[in-house]
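As structure tokens, the structure follows; a few thoughts come after it.
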Amino acid sequence: MPTYILQRLGMMLLTLWAIVTLTFFLMHAVPGGPFVSEKMLAPEIQAALNAKYGLDQPIWAQYITYLKGILTLDLGPSFKYPGVSVNKMIADGLPVTMRTGLLAVIAVVALGVPLGIIAALNRNKWPDTTVMLIATIGVAIPSYVIATVMLYVFALRLGWVPTFGLDNWRGYILPVFALSGFWVSFVARLTRSSLLETFEQDYMTTARAKGLRPGQVLFKHGLRNSLVPVVTVLGPVVANLITGSFVIEQIFALPGIGRQFVLSITNRDYTAIMGITIFYAAALMVMILIVDLLYAVLDPRIKLSEASA
Amino acid sequence: MSDISPNMWEKLPQDEAVAVKSAPSLTYWQDARRRLWANKPAVVSIGFIILLILGAIFGPFFSPYSYSDQNLKLANIPPAFDTYAVTDGEGNTTRFFLNASNFNLYEVDASGHVLGIMRGERKDMLKKQQPFEIAGQAITLDYAKLPARILSADGTELRTSGWSWNMTYLFGTDQLGRDVLVRQLFGARISLTVAFVATLVNFFIGIFYGGIAGYMGGKTDAIMMRIVEIISTVPLTLYVVLLMVVFDSGLLSIIIAIGSVFWVDMARIVRGQILSLKQQDYVAAARTMGASTPRILTRHLLPNAIGPIIITLTMLIPSAIFIESFMSFIGLGVTPPLASWGTLTSEAVETLRAYPHQLFFPAAAISLTMFAFNFLGDGLRDALDPRFRK
Amino acid sequence: MSAPVLSVRDLKTSFFSQRGEVQAVRGVSFDVHPGEILGIVGESGSGKSITCMSILRLLKSTGRIMGGSANFDGQDLMALDQGDLRDIRGNKIGMIFQDPMTSLNPTLSVGEQVMETILRHRKATRAEARARAIELFELVRIPSAAERLKSYPHEFSGGMRQRVMIAIALACDPKLLIADEPTTALDVTIQRQILLLLKDLQKRLGMAVILITHDLGVIAEVTDRIVVMYGGLVMETGPVHDLFATPKHPYTQGLLASVPDLRDDTHRRLTPIPGSPPDMAHPPEGCPFTARCPHAMQQCQAALPPVFGEGQGARCWLHHPDAPKVAGVNEVAA
């Protein structure tokens, strides 16, 4: 087990390096420097700025400097806001993004899985039809559409929740709902189909042949097995909740990392774009590692001693 | 028991006896088609998608407006309105409606065609009123208290005489006075083009990559799959965002960005299919008969892997539509005045407070399309997946 | 003979799919007596497995029991409510399935899977259940039983897994054990071991066993009586010796002619039965074997024959008193 985790961490570092490199060279392939858009700048000031941010050096030297910075967990200064580091930008946005993201993950698990179970147990009856209809709506309608419609109905029309800000718990309702809507639906559908498939398994018949009660059959034998695929998608779910937060944070004007990211894009703040991308990738890989470990706990067939695909 | 007539003990002719009555057997594709046609939501979805494609291609030709024609005088007009009618001394009726959000009056005819904005006299900023002379009568627009009211000459509130669809702009106009309907159709054109082309690009990359990995097997396969693994640990939306930052917004950029990123699933599925099919006897048979590698790939392996590939493809289209609209929504998609469903939605969000109806059309269009592709994908999966065949 | 342990009468089971009703079992009757091994043979699709799943009402969601009764211990299993039926499953009637690879839950240790049966039906502490599980593992000859309780199914070979399944089925000393093709999925060498183990356990524990198989060799070796099924019906029943010596139904004859017999040194040709079993979505009106029967008559196509004969009964018109004589079937060769 420890060797497995070490191996995985090694893979992660390699992947992260690849991402850092790719991101770095992508950002430096952008035609023109970061200060081109500001026409007001006199050539000498621009040269001074370039020198300040090390942009006058050859690209490989910049790359080495950047890598060194990454190793000391320093993502460099923002190009747009003098004196503000990318680290600080992320640190400022992190609490908001974490809180909404965590709540959304909880919503996905706490709503998606039970809804899927209800649907599977009542296959082709009205609870199933209802859940599947809602889930299909949730999967089909893009999160930003859900978010804006809800914003209009519940905040502007009915005034039940604030249109922006997270001053109290009500402020979280819409962003979390909009953020998790797709994945609640997705997980509900997945849980349902996975459970239905598990119901057809021979060992479920064995469990019934033992005379176990329906509850025992469902929870001890059925659910655990059908949750394996659900757990596998949780990694990507977290990733998508993160990227989904770009838009949601934008619409609800939440001061999170996602909004910061979109802002950096509009501002063409390249160090910030790079830094946040790398931060996202790293956070995501840690999540996937956690999910894989969880997966092994659920399914003893997965051996952690070898790094399998 | 003794009432069995003796001729019943005659032997049956052998060949007749062997002719077993059995249900007609269906080929894989016949069976799949039958299942697909039996799936009502999928059939409705196919119809919707075909209509949408036809509308996107030919719709704009039938419109008197182009997607970029601006008419600022007729901005933010709704698709339906309550009309007021004022009659002058000679019995000529002037009809108009009030845009409650920008306090403008627009003249319309009896059937609902918008004739133009009505010129009023100077606004009284203090009393928040604006006098108009309509059909020889002094009419006052009073917006001191919301909602705004129309007052007739004697100071009483004028009642609406009915309501009418907007016959000039069926879906209304946006904040720059562009026809929403033609922009919708144009948006469909862009969104579908991006989705189809990007899906096609992904499809070819995926088939190529997965096909090679699966067919070669061994070390090549291991390395290629490791690369896929690395790619899949990164949120692909991030890549698209980065690529869009590099390329700068535009139709071609977004096609390249989406097209070059989402082939990973396809590659995995193709590889998996090929690996499992490689074990099968008919491939070995083809090989012993001296078939070449490309021939085995295209003639034997791909036709059998086609089911899961079609399903993945159908699922890829809505994700491409979604990513495109998502990018356009955060300002990284196509550039104005080009419209896609994403830009239309984000434009509508800007005017959400004043004109919430503008959100309806792009939101409905993208949601219905996503629905249709999802239902179609589900239907195809049920129809093509052998595991569901009983 | 003493009163039967299980007495199945006119059992009918159908499956419902988009294509309509498939009549898998169309009125099956047989008895199982205490301490005997009853073999049920038939080709795949003959309805033998469905019959046994129907007895404990373990059909999958698309299956439905359409009629009949199954008397066990003075109760009709078909009429019992779910709760009472659950008290019988795994307790008074144990069951073993065809594929030990898929019949055990991959995510639970084998010990847990044995113990949960005991804990369900017996008033026992976990320690007692564990002790009983070790006892059972020793009974089915799993080496180092105590340690292997903690293992997961994937750490066992197929034969060992089937032993675990047998241990589970025997956990509560059942009166009746239903074994649904217990050796089909195993290696040939392992098949014999498992079969002999079953036979041995049956003798030691004195229970009745229903052994379902399509392998006539298995039947000949361990069973006392045989039920031959075809097209969802019982074609012939009788004591194993009589049935092998003088098969009365053309289908049974065909079945016996199609398997090699090592003791037979006459080098006779193996003759497969031509054709394929009937489509049970559209079962024939008459005898289901008509289409493949070498002696088929007009009457066979017209009506389903009743069972003729006591002790060794055959569902064939040739055993009707008026039927013409056919050598080898209803006329013993001189």
Worksheet entry | Residues of the range C:278-322 satisfying the condition of being farther than 30 Å from C:Ser17 by Cβ, touching a residue at least 24 places away in the same chain (Cβ under 8 Å), at the interface with chain B (Cβ under 10 Å from one of its Cβ atoms) and part of a loop (DSSP other than H, G, I, E, B) | C:Pro294, C:His295
Worksheet item: Picking from B:Ala56, B:Ala42, B:Ala32, B:Ala75, which residue would you name as being touching a Leu at 6+ places or on another chain (Cβ under 9 Å), within 14 Å of another protein chain (Cβ to nearest Cβ) and either under 30 Å from B:Val108 (Cα atoms) or at pLDDT 80 or above (or both)?
Response: B:Ala42
Practice prompt. Check whether at least one residue in the range A:110-127 is under 26 Å from the mean Cα position of the chain (by Cα), surrounded by 16 or more Cβ atoms within 10 Å (Cβ to Cβ) and within 11 Å of another protein chain (Cβ to nearest Cβ), and report yes or no.
Written response: no
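One line per residue, one yes/no per condition, for (1) of a type in the set (Phe, Trp, Tyr); (2) at pLDDT 75 or above; (3) in a loop (DSSP other than H, G, I, E, B):
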site: B:Gly89; (1), (2), (3): no, no, yes
site: B:Leu98; (1), (2), (3): no, no, no
site: B:Ala110; (1), (2), (3): no, no, yes
site: B:Gly116; (1), (2), (3): no, no, no
site: B:Gly120; (1), (2), (3): no, no, yes
site: B:Ala144; (1), (2), (3): no, no, yes
site: B:Gly187; (1), (2), (3): no, yes, no
site: B:Ser191; (1), (2), (3): no, yes, no
Worksheet item: What number of residues within the range A:227-276 satisfy the criterion of being more than 13 Å from chain B (Cβ to nearest Cβ), surrounded by 19 or more Cβ atoms within 10 Å (Cβ to Cβ) and within 14 Å of A:Val109 (Cβ to Cβ)?
Response: 3
Worksheet entry | Filter result (hydroxyl-bearing (Ser, Thr, Tyr) and modelled with pLDDT under 80) within the range A:49-77 | A:Tyr53
Discussion item. For the structure I just gave you, tell me whether B:Ala348 is among the small types (Gly, Ala, Ser) and either touching a His at 6+ places or on another chain (Cβ under 7 Å) or at pLDDT below 75 (or both).
Written reply: no
Response to the item:
Output for Cβ contacts, cut-off 6 Å, separation at least six or different chains, first residue within 14 Å of chain B (Cβ to nearest Cβ) in the range A:287-298, second in a helix (DSSP H, G or I), reads A:Met287/A:Gly235; A:Met287/A:Val238; A:Ile288/A:Gly235; A:Leu289/A:Arg8; A:Val291/A:Leu234; A:Val291/A:Gly235
Fill in: Close pairs (7 angstrom Cβ cut-off, 6 or more residues apart or separate chains): without any contact (Cβ under 8 Å) to a residue 12 or more places away in the chain in the range B:102-127, aliphatic (A, V, I, L, M) anywhere
B:Leu115/B:Val108
Fill in: Extreme residue, nearest to the other protein chains (Cβ to nearest Cβ), among residues of the range A:176-216 that are crowded, with 18+ Cβ neighbours inside 10 Å and basic (Lys, Arg)
A:Lys210
Discussion item. Between B:Phe326, B:Phe322, which is farther than 24 Å from B:Val44 by Cβ and either within 9 Å of chain A (Cβ to nearest Cβ) or among the β-branched types (Val, Ile, Thr) (or both)?
Written reply: B:Phe326
Discussion item. Against the definition (more than 14 Å from chain B (Cβ to nearest Cβ), at pLDDT 80 or above and surrounded by fewer than 21 Cβ atoms within 10 Å (Cβ to Cβ)), how does A:Ile173 come out, yes or no?
Written reply: yes
Worksheet item: Take the residues of the range C:91-103 that are in a loop (DSSP other than H, G, I, E, B) and at pLDDT below 90: which is farthest from the other protein chains (Cβ to nearest Cβ)?
Response: C:Gln98
Discussion item. Given the options B:Thr343, B:Thr335, name the one that is buried (at least 21 other Cβ atoms within 10 Å of the Cβ) and of a type in the set (Val, Ile, Thr).
Written reply: B:Thr343
Worksheet item: Which of the residues spanning the range B:230-251 are at the interface with chain A (Cβ under 7 Å from one of its Cβ atoms) and free of Cβ contacts under 8 Å to residues at least 12 places away in the same chain?
Response: B:Ile230, B:Thr233, B:Val234, B:Pro235, B:Leu238, B:Leu242, B:Val246
Discussion item. Going residue by residue through the range C:212-221, is there one that turns out to be under 18 Å from C:Ile40 (Cβ atoms), crowded, with 18+ Cβ neighbours inside 10 Å and within 14 Å of chain B (Cβ to nearest Cβ)?
Written reply: no
Practice prompt. Among residues belonging to the range B:289-329 that are polar (S, T, N, Q) and modelled with pLDDT under 75, point out the one that is farthest from B:Val349 (Cα to Cα).
Written response: B:Ser292
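The values are calculated or read from the model by the stated rules, or taken from the named source; none is laboratory data. As the structure is a prediction and not an experimental result, all values here were calculated from the model. Ideal geometry is used to build each Cβ from the backbone, glycine not excepted, and the neighbour counts take in all protein chains shown.
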